[in-house]
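Following: one structure in structure tokens, then a few remarks.
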Amino acid sequence: MSEPGGTRKTPFELLGGADKIRTLVEKFYDVMSEREPELARLHPCDPDGRVARTPRDRFALFLIGWLGGPEDYVQQHGHPRLRMRHGRVAVNIAMRDAWMRCMHAAMDAENISDDVRVFLDGRFAEVADFLRNAPD
Ligand code: HEM
């Protein structure tokens, strides 16, 4: 993605780096815990029903590398193999749409807009649909 003046930047850089992506992921799982209980329950949760620390940290680490930042997720956990890692999760249209609602709400709350928003909207929708593995 190029900035005015033509310098090419990764989504990781355009979003403002690792801390901004971690903030986005926190917001994503907070929205999920508050508004999408059925989706939240698919994840490891704390006693208060909120999505736990481990899935939050793993998704943040993945997203940082996936968007062009340090590949620490791959270093620590190997290739993402997203379909395999979602194999035990029933991902149908209802859960895909709930996931997307949470990500859109989180990106809105973090004021993510312009080219990088268009890019993320498209990529997340593509991968979320690719992960469908259960009938509706
Ligand atoms: C389409 C709807 C989706 C559902 C219902 C879903 C559900 C889940 C659940 C339940 C987990 C936790 C697994 C566990 O810790 O036991 C998880 C982990 C994860 N998800 Fe998804 N997910 C969805 C979409 C996505 C998308 C679009 C991405 C990538 C852009 C993604 C990336 C990940 C990653 C990286 C992990 C951590 C895997 C690991 O290291 O264990 N997910 N997902």
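Could you look at the chain and say what percent of its accessible area is carbon and sulfur, using a 1.4 Å probe and all protein chains?
51 percent
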Please say if the stretch 71-136 is rounded, prolate or oblate, where rounded means a/c under 1.5 for a ≥ b ≥ c the square roots of the C-alpha gyration tensor eigenvalues, and otherwise the choice is prolate for a/b larger than b/c and oblate otherwise? oblate
Tell me which residues come under 5 Å, amide H to amide H, from H86 once H is placed; ignore anything under 5 positions away on its chain. none
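Tell me the per residue accessible area of the chain using a 1.4 Å probe; a whole number in Å² is fine.
Numbers: 7810 Å² over 136 residues.
That works out to 57 Å² per residue.
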Whole-Hz couplings from phi, Karplus 6.51/-1.76/1.60, listed for the stretch 41-46; x for Gly and Pro: 5, 6, 9, x, 10, 6
Rounded, prolate or oblate, given the Cα gyration tensor of the stretch 23-136, with a/c below 1.5 counting as rounded? rounded
Pairing the Cα long axis of helix 93-109 with the longest principal axis of the chain, what angle in degrees results, from 0 to 90 and rounded to the nearest 10? 40 degrees
Provide the per-residue ³J(HN,Hα) series for the stretch 80-85, in order, calculated from phi with Karplus coefficients 6.51, -1.76, 1.60 and θ = phi - 60°, each as a whole number of Hz, with x at glycine and proline positions. x, 6, 4, 5, 5, 6
For C45, what residues show an amide H to amide H distance below 5 Å, using hydrogens built from the backbone and excluding near sequence neighbours? A52
Roughly how many debye, to the nearest 20, is the charge dipole of the chain about its Cα centre, given +1 on each Lys and Arg Cβ, -1 on each Asp and Glu Cβ, and no other charges? 480 debye
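The values are calculated or read from the model by the stated rules, or taken from the named source; none is laboratory data. Model, not experiment: these values are computed from the prediction. Note that each Cβ is placed from the backbone with ideal geometry, even for glycine, and that neighbours are counted across all protein chains shown. Ligands, DNA and RNA are excluded from the accessible area calculation, which covers all protein heavy atoms including side chains. Shrake-Rupley method; radii C 1.70, N 1.55, O 1.52, S 1.80 Å.
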